[in-house]
Amino acid sequence: MKFKSFLIKYAEIGVKGKNRFLFEDALVRQIHLSLKPLNSTCHVYKEVGRIYVDICDYDYEEVIEALQHVFGIVGICPVVQIEDNGFEDLKQTIVKYMDEMYKEKKITFKVNARRARKNYPLKSMEINAAIGEALLKAFPEIRVDVHNPQVMLNIEIRKRINIYSETIPGPGGMPVGTAGKGMLLLSGGIDSPVAGYMMAKRGVNLEAVYFHTPPYTSDRAKQKVMDLAKKVAAYSGPIKLNIVNFTDIQMYIYEQCPHEELTIIMKRYFYKIAERLAEAHGCLALITGESVGQVSSQTMQSLGVINSVCEKLPVFRPLIAFDKQDIVDISEKIDTYEISIEPYEDCCTTFVADHPVTKPNLKIIKKSETRLQEKIDELVETALQNVEEVIITSE
Ligand code: ATP
Ligand code: MG
């Protein structure tokens, strides 16, 4: 059956009181953006507590796939919309609808009428009974099951009448653009793309920063990060990726500081630079893919020492209590896993010490950092002045 419209169901954003329209408008905007690349003629609009997509010349699978990338949607219902031409007309339309939708007819069903327009001549229960009876008469094989029906036939009496019986799950979450912007520290690993996806799911717009260390990390490693950003952008919308050349800072730390502290000190400079960029670009938080205990730099002590360089912005770590396998599961779902496991070196592995400190002490780390006094500020400024910006989109 070829549908001309989809009814979009949303949950959480329905309860936002006075701000509700902002959320609905953001959802309409995101739906528009997701359908644009399909080049179908479509009209996305809201109408008393409902969002509709009217669309023609389209491929069903493509449209569903696009809508399943829009946060804020909990259900996608292919819907038949008709004008109210009397109850007889409604009955006939529904018999035809069920005939086309369930060709085999070996189903149990329940009619679920909702009368949002109270001047309709029949009450909901009367509609349920009369439509049920008409269907049983038209198709002797089908059965009613009011407790656990295979098909819930929804009839919504509004200005027009909506008929639908299928709900395809959406991704949930909040529409991107309703929560402000965050700066994602994006590496080529498994975790950070998932962290970005999870924050976007809460409505956060993403910008990203990648610390590149040529020639110790190759152009291919940089391309890998862009490929990952592209996958995340399919959910979050376009991402501005800031590529920071970190080589001189990395080498300077390597020359001046104890090697077992290298990872910690390097991460502190990642955070410092990321915070500077975030502030300059209007981001409200940093986002990382860290999870307690995963590696030596992610012990509670290490996280504390790294975190303490951030003076102005909070650091969000949506994966902090996730097991690796749970993160892998999400990365497979969002299609980043295969890219993340490509074997291109990252700067941490090139310089990592045999026995990095796992319980760093802030005072000791700060003391080591005094050895950087002479040149570090200048190196940080140079890195910030030479940031390469790339806009990453999903196409
Ligand atoms: P991931 O799988 O995200 O790479 P990881 O388990 O390898 O994480 P670390 O290398 O300790 O962990 O990195 C912790 C976090 O620091 C990453 O999740 C990411 O947010 C950030 N990060 C690490 N390396 C870089 C980099 N080169 N550029 C930007 N951010 C980075
Ligand atoms: Mg990593």
If each K or R counts +1 and each D or E counts -1, the residues other than Pro238 whose Cβ falls under 14 Å of its Cβ total +3
How high is the relative contact order of segment 1-149, given as a whole-number percent (alpha carbon pairs under 8 Å, six or more residues apart)?
25 percent
Just want to confirm a number: the relative contact order over the chain, from Cα pairs under 8 angstrom separated by 6+ residues, in percent.
17 percent
Regarding segment 65-155, what is the average projected area of its C-alpha convex hull, in nm²?
7.3 nm²
How tilted is helix 191-201 with respect to the longest principal axis of the chain? Cα atoms for both, answer in degrees (0 to 90, nearest 10).
40 degrees
Can you give the FRET efficiency to the nearest 0.05 for Glu260 and Glu378, using r as the Cβ-Cβ distance and R₀ = 25 Å?
0.45
Karplus couplings for segment 320-326 from phi (6.51 cos²θ - 1.76 cosθ + 1.60, θ = phi - 60°), rounded to Hz, Gly and Pro as x?
3, 10, 8, 6, 4, 4, 5
Mind checking which of His355, His281, His43 has the largest fluctuation in a GNM of the chain, springs on alpha carbons under 10 Å?
His355
Students often check this: by mean Cβ neighbours within 10 Å, which of 154-163, 326-335, 365-374 ranks highest, and how do the rest follow?
154-163, 326-335, 365-374
Quick one: length gained pulling Tyr60 to Leu362 fully straight, 0.36 nm per residue minus the C-alpha distance?
103.1 nm
Identify the residues of segment 160-176 with backbone N under 16 Å of a label point that sits 7 angstrom from the Cα of Asp99 along the Cα-to-Cβ direction, or state none.
none
Ratio to report: Rg/Rh of segment 115-207, with Cα atoms as the point set and Rh obtained by the Kirkwood method; give two decimals.
1.27
Suppose every Lys and Arg Cβ carries +1 and every Asp and Glu Cβ carries -1, with no other charges. What dipole size does the chain come out with about its Cα centre, to the nearest 20 debye?
1800 debye
For segment 223-264 and segment 20-92, what is the separation of their C-alpha centers, rounded to whole Å?
39 Å
Would you give the gap between the C-alpha center of segment 321-395 and the C-alpha center of segment 130-172, rounded to a whole Å?
53 Å
What ranking do Phe316, Phe139, Phe21 get, fewest neighbouring Cβ atoms within 10 angstrom at the top?
Phe21, Phe139, Phe316
Out of Gln325, Gln298, Gln256, a Gaussian network model of the chain with alpha-carbon springs under 10 Å gives the largest mean-square fluctuation to Gln325
per DSSP, antiparallel bridges as share of beta bridges in the chain, % nearest 5, sits at 55 percent
Could you list the square roots of 5 times each eigenvalue of the Cα gyration tensor of segment 274-357, that is, the equivalent ellipsoid semi-axes, sorted largest first and rounded to whole Å?
23, 19, 15
With a 10 Å Cβ neighbour count serving as the proxy for reagent exposure, in which order, fewest first, do Thr167, Thr393 appear?
Thr393, Thr167
Hey, what did segment 242-395 get for relative contact order, percent, Cα under 8 Å, at least 6 apart?
41 percent
Using only the Cα atoms of segment 1-69, what do you get for the radius of gyration and for Dmax, in Å?
12.3, 38
Ranked by Cβ crowding within 10 angstrom, fewest neighbours first, how are Thr178, Thr247 ordered?
Thr247, Thr178
Rounded to the nearest 500, what is the chain's calculated 222 nm mean residue ellipticity when only DSSP H runs of at least 4 contribute -39500 (n - 2.57) each, over all residues?
-12000 deg cm²/dmol
Per the Cauchy relation, a quarter of the hull surface: what is the mean projected area of the convex hull of the alpha carbons in segment 147-272, in nm²?
12.8 nm²
Once the chain is represented by equal point scatterers at the alpha-carbon sites, with solvent omitted, what log10 I(q)/I(0) does the Debye formula produce at q = 0.11, 0.13 Å⁻¹?
-0.83, -1.02
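Values quoted throughout were computed directly from the atomic coordinates according to the rules given, and no laboratory measurement underlies them. Every value quoted in this text rests on a predicted model; they were computed, and no experiment measured them. With ideal geometry, Cβ positions are generated from the backbone for all residues, glycine too; neighbour counts draw on all protein chains shown.
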